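Structure first, then comments.
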Amino acid sequence: MAGTGDSSKINVIPDIKIDKPVISEVDREKAEALKDKANTYFKAQDFQQAITYYSEALEINPTVAAFHGNRSFAYLKTECFGSALEDASKALELDKSYIKGYYRRATANMALGKIKIALKDYEMVVKYRPNDKDAKTKYTECSKLVKQQAFERAIRGHTEEKKSVIDTINLENMIIEGDYEGPALENDKVTKDFMVKLLQHFKDEKALHRKFAYTMLVQILAMFKKLPSLCDITIPEGKKFTICGDIHGQFYDLLNIFEINGLPSEDNPYLFNGDFVDRGSFSVEVILTLFGFKLLYPDHFHLSRGNHESDTMNQMYGFYGEVRSKYTNQMADLFQEVYNWLPLAQLINKKVMVMHGGLFSQDNVTIDDLRIIDRNRQPPESGLMCELLWSDPQPRPGRSPSKRGVGIQFGPDVTKKFLEHNNLEYIVRSHEVKNEGYEVTHDGKCITVFSAPNYCDQIGNKGAFINLGADLKPNFKTYEAVPHPNVRPMAYANSMFGFM
Ligand SMILES: [Mn+2]
């Protein structure tokens, strides 16, 4: 990726002056007009259209740092951190004094978890603009994070194995106050009655008592630990099964899915395909609901890990902030332990494979390779586990680097080969917002399903889920967003990421 190669370039490329292309006055003006058009779309928060017109402007005049800078910002907004990084670097190549370039590059690197590299760019901004308060705050915040990471690494180096949060909590000592009127576990067990009350309680914007929340987390951790990294699901003849995509903390839309499609039960099984939390400010309600149903129906309610069930993402996109605000720091750590044990993929009737992101940089990956992935960890930067959580399909054949900067993009030929090699019919994945809530690509062999309608209160997309029976024919149901209480998305997100 660009950016990482920046320092090495100085050594590798000899001192040749690259001539800038000569752009006619007419073309300059044309490009400028396209940039203005793009800016208008950007202001209206239509970032895809903005990217289209910045790109057109750049095709006519690739010499303006600000065009790259603006497109970088739009890429940040759409989570294409790899492309954002590339554009910011390009802007700085064209103009070293283009300060926004350092800002954008730092933000992209932060989002990719490369905070040490980001710190250098914030340093530059502060140097150039000593009176910029925002820059100073970001610099200070970022250096705090770098120190914190170094500290945590040092501690980890000294202890044999990281201690479980469970060893530091004492459930017995947690007292249920007399005025608590919310749902209660019965003999420490999740029951159907508890779940029905819990949904109503959350809907009324009330909190589940921390003792019950902790108890559920302890139980779900034990349950996930027993599961393989790829799980098998069977849809019996004559039964219905439902696959949902990203929820992203949109609790009221999750309730709406249950309204349309029925509450989970042994007769109404579900699979939620990752990215349960972050962005939406009701992530705690979403995750406790999903974990509750998993505890209640372990064999008929399934959950897979998404790229947002991870430490870096949760620090940036709000989940940690929300857990700290609604419960404690310690509980945020316990969630991370639980996420590390979430299964990574599911196989339905031995024919349909479901994962959050997509396929792999290497050929000939087998189902058995996936079953035995050592998953108890933060998603790595490459390899099978990373790609399951991060990859995206692309229309053109072959593979390309991801615009996200993590995982890969895979073409229809890659999908076809993988399916043939493993005797499968098609794959279902999530991870990308789609206008209709779903998209069928790669000759019907690769389906995307996304269940968060009007994503972030901004995108205007429909949500969708998939119903299928034993014949494995997918039926798509789409729906619009429903109103939610007045807490905006990203309300709990780190101030470092105010750009979202
Ligand atoms: Mn995702």
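The values are calculated or read from the model by the stated rules, or taken from the named source; none is laboratory data. Source: prediction; values computed, not measured. In this analysis, Cβ positions are derived from the backbone assuming ideal geometry, glycine residues included, and neighbour counts consider all displayed protein chains.
Considering every residue within segment 412-430, establish whether at least one is within 16 Å of N256 (Cα to Cα) and of a type in the set (G, A, S).
We begin by selecting, within segment 412-430, every residue within 16 Å of N256 (Cα to Cα); these are none.
No, segment 412-430 has no match at all.
The condition of being in contact with a strand residue (DSSP E or B) (Cβ under 9 Å, 6 or more places away or on another chain), more than 22 Å from K37 (Cβ to Cβ) and not hydroxyl-bearing (S, T, Y) holds for G82. On inspection, V365 qualifies as among the aliphatic types (A, V, I, L, M) and surrounded by fewer than 23 Cβ atoms within 10 Å (Cβ to Cβ).
Would you please name the residue that is modelled with the lowest pLDDT, looking only at residues in segment 333-369 that are farther than 26 Å from V428 by Cβ and over 17 Å from the mean Cα position of the chain (by Cα)? Looking at residues that are farther than 26 Å from V428 by Cβ and over 17 Å from the mean Cα position of the chain (by Cα), I get D333. Within segment 178-193, residues that are under 19 Å from D204 (Cβ atoms) reach partners that are loosely packed, with under 11 Cβ neighbours inside 10 Å with beta carbons closer than 8 Å, at six or more positions or on different chains, in the pairs D193/E186.
Just need a number here: residues in segment 235-278 that are at positive phi and surrounded by 24 or more Cβ atoms within 10 Å (Cβ to Cβ). Break it down into steps so the answer makes sense when it comes.
Within segment 235-278, the subset at positive phi is 238, 248-249, 262, 274-275, 278.
From the residues that got through so far, the ones that are surrounded by 24 or more Cβ atoms within 10 Å (Cβ to Cβ) too are 248-249, 274-275, 278.
Counting residues in segment 235-278 that are at positive phi and surrounded by 24 or more Cβ atoms within 10 Å (Cβ to Cβ) gives 5.
Taking the criterion of being of a type outside the set (K, R) and in contact with a helix residue (DSSP H, G or I) (Cβ under 6 Å, 6 or more places away or on another chain), the residues of segment 58-72 that qualify are L58, I60, N61, A65, F67, H68, G69, N70, S72.
In summary, S391 fulfils each of the numbered conditions (1) exposed (fewer than 15 other Cβ atoms within 10 Å of the Cβ); (2) within 16 Å of the ligand (Cβ to nearest atom) with the single exception of condition (1). Just checking, does segment 368-378 include any residue being touching a residue at least 24 places away in the same chain (Cβ under 8 Å) and within 16 Å of the ligand (Cβ to nearest atom)? Yes, segment 368-378 has at least one match.
Taking the stated definitions as given, is L347 assigned to a loop (DSSP other than H, G, I, E, B) and either of a type in the set (A, V, I, L, M) or surrounded by 14 or more Cβ atoms within 10 Å (Cβ to Cβ) (or both)? So that I can check it myself, show each step before the final result.
Details: assigned to a loop (DSSP other than H, G, I, E, B): no; either of a type in the set (A, V, I, L, M) or surrounded by 14 or more Cβ atoms within 10 Å (Cβ to Cβ) (or both): yes.
So L347 fails the test.
Go over the candidates I247, I260, I166 one by one and state the one that is of a type in the set (V, I, T) and within 16 Å of the ligand (Cβ to nearest atom). Break it down stepwise before answering.
Values: I260 fails: within 16 Å of the ligand (Cβ to nearest atom); I166 fails: within 16 Å of the ligand (Cβ to nearest atom).
Criteria check complete, one pass: I247.
Selection of first residues in segment 340-359 that are at positive phi and of second residues that are away from the ligand (no atom under 16 Å from the Cβ) and of a type in the set (V, I, T), restricted to Cβ pairs under 8 Å at least 6 apart or on distinct chains, gives the following pairs, ordered by first then second residue: N349/I233; N349/T234; N349/I235. Output the residue which, of all residues in segment 279-302 that are within 17 Å of L255 (Cα to Cα) and within 16 Å of the ligand (Cβ to nearest atom), is surrounded by the fewest Cβ atoms within 10 Å (Cβ to Cβ). Only one residue tops the list, namely L290. Pull out all pairs, ordered by first then second residue, where Cβ-Cβ is under 7 Å, the residues are six or more apart or on different chains, the first lies in segment 308-334 and is part of a loop (DSSP other than H, G, I, E, B), and the second is away from the ligand (no atom under 16 Å from the Cβ) and of a type in the set (S, T, N, Q). Pairs found: G318/S281.
For segment 127-141, what are the residues that are out of contact with any Asp or Glu (no Cβ under 8 Å at 6 or more places or on another chain) and not in a loop (DSSP other than H, G, I, E, B)? Give the derivation first.
Initially, segment 127-141 is screened for residues out of contact with any Asp or Glu (no Cβ under 8 Å at 6 or more places or on another chain), giving 127-138, 140-141.
Answer for segment 127-141, where residues must be out of contact with any Asp or Glu (no Cβ under 8 Å at 6 or more places or on another chain) and not in a loop (DSSP other than H, G, I, E, B): K127, Y128, K133, D134, A135, K136, T137, K138, T140, E141.
For first residues located in segment 429-445 and in the same structural domain as G411 (by TED's automatic domain parsing), partners that are away from the ligand (no atom under 13 Å from the Cβ) and small (G, A, S) and lie 6+ apart or on another chain with Cβ distances below 6 Å form the pairs G437/G463; G437/A464; Y438/A464.
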